[in-house]
Amino acid sequence: MLQGVVQLTKGGLQFAMRRNLTKAVLLAVSVAIAAGCGVQLGGFRLVSPHDGSLVAVAQPRFVWMAAPNAVGYTLIMRNTGGSLVWQATTTATEVLYDGPVLANGAVYQWQVTANFTPPVQPTTSPWWTFTKVAAGVMEPTLVSPPDSTWIATGTPTFNWQPPAGATPLQSKVEVRTSSGGLIWDTVAAGTATSATYDGPVLMNGATYSWLVVAVHAPPNPSTRSAEWTFTKVAVGPMQPTLVSPEDRATVATATPTFTWQPPAGGAPAQYKLEVRNSAGALIWDVATASTSATYAGAPLVNGRTYSWLVIAVHVPPNPPVQSLVWTFTKVEP
């Protein structure tokens with residue numbers, strides 16, 4: 001016959017041993033007394049979405065640490081008024097939200113209860129909160145240089161808009177090669193909207209990508225913008241080259257024909273020819289897909305000097321590129 005004295009104290013369970021008690025008996029007595037006294041076994045904690053965080057996705061995934069010996073979990077989500085929004089039961093330590101549409105700008109609370117085999121009491125986590133925000137409000141928005149553009153300068157300036165939902169602590173700009181290797185990055189203030197490249201020399205003909213990372217205050221994670229690309233080109237390949245009439249030439253005809261060569265980097269969508277007087281006022285222009293155009297504007301005055309240029313209108317997002325400006329003087333035939 002088992003003989004022993006069991007004494008329950010604030011510090012725990014004490015046994016005055018008269019004979020050796022088996023492990024099974026000890027466990028049975030411990031569980032029974034713990035259950036009778038409301039002792040909660042198997043503590044655990046919530047993981048994500050973190051307390052006080054912003055959530056942009058429509059279906060957040062709730063994650064928590066496992067509670068030892070738990071047989072299942074019950075997640076409750078409510079609004080700040082205390083009304084139940086959604087409830088889920090699972091044996092896993094995570095669950096994907098599939099309840100009503102979450103309202104942007106609304107604050108929600110969530111809590112998980114770990115359930116055990118009776119008579120062990122359930123264990124409930126603290127309440128955590130998160131705010132639902134619209135998709136995109138956490139990410140910076142790229143502005144320029146546009147995606148897939150050409151860049152002739154060796155020190156491009158990258159421009160972006162900060163996240164609409166929250167001003168980050170920092171903004172980090174990254175430039176990578178076409179193979180993904182990082183060649184330059186810089187950290188700017190969270191309120192910054194531009195940064196000028198000062199890394200290794202950009203190679204003509206090479207394509208690079210760039211993006212901006214918004215580093216938010218914890219517990220919110222860092223967010224990345226879209227990734228845009230640009231191709232470095234020499235200045236010349238983007239410009240049309242003037243041919244005739246030559247710079248500072250004299251022109252006797254009243255209807256001179258202007259000719260030029262297309263950009264070496266590729267023919268544009270069209271050209272725009274401009275002719276101006278010596279004061280800089282536009283007196284004639286024409287759009288054409290050809291590499292020549294015959295003057296058809298106001299009469300040219302003998303003895304006066306005029307200037308002309310050609311603008312190559314490239315396919316967007318590549319910008320228009322202007323040729324050099326040449327002059328000619330109208331003379332009598």
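The values are calculated or read from the model by the stated rules, or taken from the named source; none is laboratory data. What you are looking at is a predicted structure, and each value in this text was computed from that prediction instead of being measured. Backbone-built Cβ (ideal geometry, glycine too); neighbour counts: all protein chains shown.
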Across (1) in the same structural domain as residue 181 (by TED's automatic domain parsing); (2) touching a Leu at 6+ places or on another chain (Cβ under 9 Å), residue 275 clears everything bar (1)
Residue pairs qualifying under the 6 Å Cβ cut-off, at least six apart or on distinct chains, with the first in the stretch 41-53 being at pLDDT 90 or above and the second being of a type in the set (S, T, N, Q), are 46/125
When residue 148 is run through (1) in the same structural domain as residue 197 (by TED's automatic domain parsing); (2) at negative phi, the failure sits at (2)
If we keep only residues of the stretch 265-279 that are of a type in the set (A, V, I, L, M) and over 44 Å from the mean Cα position of the chain (by Cα), then the residue surrounded by the fewest Cβ atoms within 10 Å (Cβ to Cβ) is 279
If you go through 188, 195, 134, 214, the only one that is assigned to a loop (DSSP other than H, G, I, E, B) and either of a type outside the set (Gly, Ala, Ser) or touching a residue at least 12 places away in the same chain (Cβ under 8 Å) (or both) is 134
Query - Test: residue 82 is without any contact (Cβ under 8 Å) to a residue 12 or more places away in the chain and part of a loop (DSSP other than H, G, I, E, B) - result: yes
For this session: Output yes when any residue across the stretch 266-280 is assigned to a loop (DSSP other than H, G, I, E, B), in contact with a helix residue (DSSP H, G or I) (Cβ under 8 Å, 6 or more places away or on another chain) and either farther than 30 Å from residue 145 by Cα or touching a residue at least 12 places away in the same chain (Cβ under 8 Å) (or both), and no when none is.
Result: yes
(1) in a loop (DSSP other than H, G, I, E, B); (2) within 15 Å of residue 315 (Cβ to Cβ) all hold for residue 230 apart from (1)
